[in-house]
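The values are calculated or read from the model by the stated rules, or taken from the named source; none is laboratory data. Keep in mind the model is a prediction, meaning the values are calculated, not measured. Please note: Cβ atoms are built from the backbone with ideal geometry, for glycine as well, and neighbour counts cover all protein chains shown. Just the protein is used for accessible areas: all its heavy atoms, side chains included, with ligands, DNA and RNA removed. Shrake-Rupley method; radii C 1.70, N 1.55, O 1.52, S 1.80 Å.
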Amino acid sequence: MKYNTILFVFLLVMVSCGQDEEEVYTDFEISFEQPANFPATTYDFEDNPITTDGFILGRKLFYDNRLSLNNGISCAECHNQSHAFTHHGHDLSEGVHAGVVGTRNSQPIQNLAFLEDFTWDGAKEMLFDQPLIPITEEVEMDETMENVIAKLKEDSVYQELFTAVFQSEDAINSVNLLNALSQFMGAMVSSNSKYDKYVRGEVGGSFTDLEKEGLALFQQKCANCHSGELFTNQEFINNGIGENSSLPDETGRARINSPNPFATVEELKTRDDYYQFRVPSLRNVIKTYPYMHDGRFVMLSKVLDFYDDDTYPLITKMDNLDSRLIQTNSNGEEILGIPMTEGEKVAILAFLETLTDNEFINDERFAKPN
Amino acid sequence: MKNLRKWAFLALTTTALISCNNDDDSMGNENEGTHVSAVLKFEHSLGLGDEFTLTDSEDNQQNLELTKFKFIVSDVKVTTTNDEVVALSNNDAAELIDLANADETDVVRMYLTGIPEGSYKSISFGVGVSQEVASGSTENQIKLMELAEQDSEDMVWSWNPNSYIFSKIEATNLDVTTTAPTNLQIHVGNKGGVDGFRTVELIFPETLTIASKISPSIHTNVSIEKLFTPDAPGIEVAYDAIGAHGGTDDASINFSDNYANIFEIEHLHPNEAAINLEDVEMDNHAHDDEDSEDSHSH
């Protein structure tokens, strides 16, 4: 019966020449809402407005294994809602090929409508075409866009959904596939953590003394880079994370910025953007373990130990180590990292806990549809 | 029941499409199908498998066998004799020119539709995809993305802000005794602050008439070697100066500039019989070259 209703609405849309109709076939509506404490969006609403039916199509695609080789995995394989759309505890992730892992830690899908660029090295500047990477990368979904499109065209439900959303005949194509995914991902806003309620003065936003102390310390020690309400300045920096000997081809941002598409690792090592990575957002950071571009730190406390640099793991000083991580003590000696006492780390960790947004993590609109 | 729904959907869709179709096909085409306004015939100086010689950065001659040559054409514009510029949509006129699809005379044809009837003096097009287009309307990139995604994303750099690879040339080095770099592999795009997008403008040797009863063709020579040894004032590029062998930005820029140098109109075939796009797509590139002398006008 439900299916009949859906079909009927699509027919109505078609017959009425594709004007926006009521979305009576869903029990919710998606409309992008700008959180009061957030920066301006970067998402191109003019080119690809977020609609409820576009969101639903994007969600269906996000959870569809047909986006990968041999229909092995969907986007959700490495982007689990329970972990703010990261890969529940994995440092690196297997793609469609058993035993073959990628080279980067799965990043959360949240607040992408506010980001200037995407992936750990900023390979993409538009959310629109970011999915080209995971769909086609051999170590991820290893599929071709042509195959994905061919598979979707065999499915009459997709034909109807694409036609309804994009209001054209034969609407299944690469651009519309990417636009639908963009609508789904663009609508995924995490802005209701305890911290958000605290800064907005809302119910549920009262901080303990320890959390308040942690916030003050965070602002003093961390917010140079993890700045603003997205908790990232969106820069690419070398944060002192040393080379990973098991990933010898990793060059960070250098590969993206080099004009030479065939540049060797040795050539890229000479660039001043070698091993630079995106300063990640810290929203839902408790849920997105493990940490760093290659997921090498399982515990958030280890991340603080790393930046503190007193104990293992230590900061690696390459020539382009970010200057904010190099300080001089009163004896004129160079100190790497960010000095923190053990007590300060406890407070900072308590504050970071407040960045967890359980409403986002449990929002059924973002979950796999039945 | 399910079938019934499907048929009902199809029937209604068809009705909807017919009733919604704002018939813009005002090109005076009386036949069914899409009239081809003009044909851009790219005759390449080399075919795949042909041998050629280039100079490397140490002034050695390298013998090479061409294995790949392809480029994306976008932003096609034609200019009337009254200096009106007609821009063709990239969803119609964009094309991937791939030597692998050439006929036995190394010709690849590109079919232009929707050019208003009239008299024209020049045509221009981009080699590659401009940053403006690549970061602009996604709807206007439907065909461009399909072209780039052919052959397992052969013209896509998925990890680059501008996803399109503009052009590729690849060749096998046949000189086994050389100690110089081996194979030729140059891929051009907009990467790392070096934008390889270039616009080519070709002036017709005489006025080109666009009319419904004809599909004139523009026979254009593509001198592949001129990418490395362009006519003055172009700057020569050693074949190993860019690409796989760690080049300089300058060499990449010079090489990209030379794309504007490789195209030259040989002649027009102004009065060729009208054809429909649907017909030529059916026997895709299976045409004989009908270079009959009487239709030439040099």
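Name the residue, out of A:G242, A:G295, A:G337, that is over 22 Å from A:S106 (Cβ atoms) and away from chain B (no Cβ under 14 Å).
A:G337
Please go through segment A:330-370 and give me each residue that is of a type in the set (V, I, T), over 18 Å from A:L215 (Cβ atoms) and open to solvent by 30 Å² or more (accessible area, probe 1.4 Å), ordered by number.
Of everything in segment A:330-370, just one residue is of a type in the set (V, I, T), over 18 Å from A:L215 (Cβ atoms) and open to solvent by 30 Å² or more (accessible area, probe 1.4 Å), namely A:I335.
Sort out which residues of segment A:36-57 are assigned to a helix (DSSP H, G or I) and within 14 Å of another protein chain (Cβ to nearest Cβ), and write them in order of number.
Matches in segment A:36-57: A:G54 only.
Tell me which strands (runs of 3 or more DSSP E) are completely within segment B:93-209 and hold 2 or more residues being open to solvent by 30 Å² or more (accessible area, probe 1.4 Å) and more than 9 Å from chain A (Cβ to nearest Cβ), or say none if there are none.
Those strands (runs of 3 or more DSSP E) span B:118-127, B:165-173.
If you go through segment A:250-289 one residue at a time, how many are assigned to a loop (DSSP other than H, G, I, E, B) and within 17 Å of B:I242 (Cα to Cα)?
7
I want to confirm something. Restricting to segment B:37-63 and keeping residues that are in contact (Cβ under 8 Å) with a residue 60 or more places away in the chain and outside any strand (DSSP E or B), which single residue is most open to solvent (accessible area, probe 1.4 Å)?
By that ranking, first place goes to B:E58.
So the check is Cβ under 6 Å with 6+ separation or different chains; which pairs have a first residue in segment B:64-88 that's farther than 20 Å from B:Q131 by Cβ and a second one that's hydrophobic (A, V, I, L, M, F, W, C) and open to solvent by 20 Å² or more (accessible area, probe 1.4 Å)?
Matching pairs, first to second residue: B:E65/B:L174; B:L66/B:L48; B:V78/B:V86; B:T79/B:V85.
Take the conditions at pLDDT below 75 and of a type outside the set (V, I, T) and apply them to B:E30. Does it pass?
So B:E30 passes the test.
For segment B:210-222, name all the residues that are within 12 Å of B:T113 (Cα to Cα) and in a loop (DSSP other than H, G, I, E, B).
Within segment B:210-222, B:A211, B:S212, B:S215, B:P216 qualify.
Could you tell me which residue of segment A:246-256 is nearest to the other protein chains (Cβ to nearest Cβ), considering only residues that are surrounded by fewer than 21 Cβ atoms within 10 Å (Cβ to Cβ) and not hydroxyl-bearing (S, T, Y)?
Quick first cut of segment A:246-256, residues surrounded by fewer than 21 Cβ atoms within 10 Å (Cβ to Cβ) only: A:246-249.
Next cut, not hydroxyl-bearing (S, T, Y) only: A:247-249.
On the way: A:L247: 16, A:P248: 18, A:D249: 13 Å.
The qualifying residue nearest to the other protein chains (Cβ to nearest Cβ) is A:D249.
Within segment A:321-332, which residues are part of a loop (DSSP other than H, G, I, E, B) and either farther than 26 Å from A:H226 by Cα or at pLDDT 95 or above (or both)?
Within segment A:321-332, A:D322, A:S330, A:N331, A:G332 qualify.
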